[in-house]
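Shown below is the structure under consideration.
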Amino acid sequence: MKSQTDWKRVRAAQDKDIDFSDSPELTSDFFQDATLSVNGVEVPRKKKRITIMLDPKLIDRFKHDAKGRGYQTMIGEVLKEHFRQRDLLSRIRQVVREEVTTLSHAHHR
């Protein structure tokens, strides 16, 4: 379906031309429950700014995959997934060790 918006008029409009009379006031309360997402991935509210040195090819890859937008969020998501997988593997190893110990004790009785 083709947009019915007059984009030429929208682009030409200036702030003084916009009627905000039926819009809610944009206070901090208005944004209290808002969520921000980049490329469909929700961005956590609290982030900490850091400086990190990464290989330029790695950064280029993330920028390419993110189509230039949200690549830092994508890097964060990859790091979180790495730790989730590592924690999962650690838990699986723990369960296997417990099962082997249980079976070993049962076999020696």
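Throughout, read-outs are computed from the coordinates displayed, never taken from laboratory work. Source: prediction; values computed, not measured. Note that each Cβ is placed from the backbone with ideal geometry, even for glycine, and that neighbours are counted across all protein chains shown.
Given the Cα-Cα distance of Leu103 and Arg84 and 0.36 nm per residue of separation, how much length would full extension add, in nm? Could you put the intermediate results ahead of the total?
On the way: separation 19, 0.36 × 19 = 6.84 nm, distance 2.84 nm.
Full extension from Leu103 to Arg84 adds 4.0 nm.
Another one. Going by amide H atoms built from the backbone, whose H comes under 5 Å of the H on Val38, apart from near neighbours?
Result for Val38 returns Val43.
Quick one: Cα centre-to-centre distance for region 77-101 and region 23-67, in angstrom?
What the calculation gives is 28 Å, centre to centre.
Taking θ = phi - 60°, what integer Hz values does the Karplus form 6.51 cos²θ - 1.76 cosθ + 1.60 yield along region 32-37, in sequence order, with x for Gly and Pro?
After applying 6.51 cos²θ - 1.76 cosθ + 1.60, I find 3, 9, 6, 10, 10, 9 Hz.
Spin-label point model (7 Å from Cα, Cβ direction): what's the Phe31 to Thr5 distance in nm?
Computed distance between label sites Phe31 and Thr5 equals 2.1 nm.
Right, here's the next one. Of all trypsin sites (Lys or Arg not before Pro) in region 45-96, which ones are in loop regions per DSSP and have a Cβ with at most 13 other Cβ atoms within 10 Å?
Details: sites: Arg45, Lys46, Lys47, Lys48, Arg49, Lys57, Arg61, Lys63, Lys67, Arg69, Lys80, Arg84, Arg86, Arg91, Arg93; in loops: Arg45, Lys46, Lys47, Lys48, Arg49, Lys67, Arg69.
Here the trypsin sites (Lys or Arg not before Pro) that fit, given the DSSP loop and packing criteria, are Arg45, Lys46, Lys47, Lys48, Arg49, Lys67, Arg69.
Using only DSSP helix segments of four residues or longer, with each worth -39500 (n - 2.57), what per-residue ellipticity at 222 nm results for the chain after dividing by its residue count and rounding to 500?
Helix contribution divided over all residues of the chain: -17000 deg cm²/dmol.
Here's another thing I want to ask about it. What angle do you read, to the nearest 10 degrees and between 0 and 90, between the alpha-carbon axis of helix 56-65 and the longest principal axis of the chain?
The helix 56-65 is inclined about 70 degrees to the chain.
Then there is this: In percent, how large is the relative contact order of the chain, given Cα pairs closer than 8 Å and 6 or more residues apart?
14 percent
On a 0 to 90 degree scale, rounded to 10, what angle separates helix 71-107 from the longest Cα axis of the chain?
For 71-107 against the chain, the angle is about 20 degrees.
Simple spin-label model, 7 Å along Cα-to-Cβ: Arg93 to Thr51 in nm?
Placing both labels 7 Å beyond Cα along the Cβ direction yields 3.6 nm.
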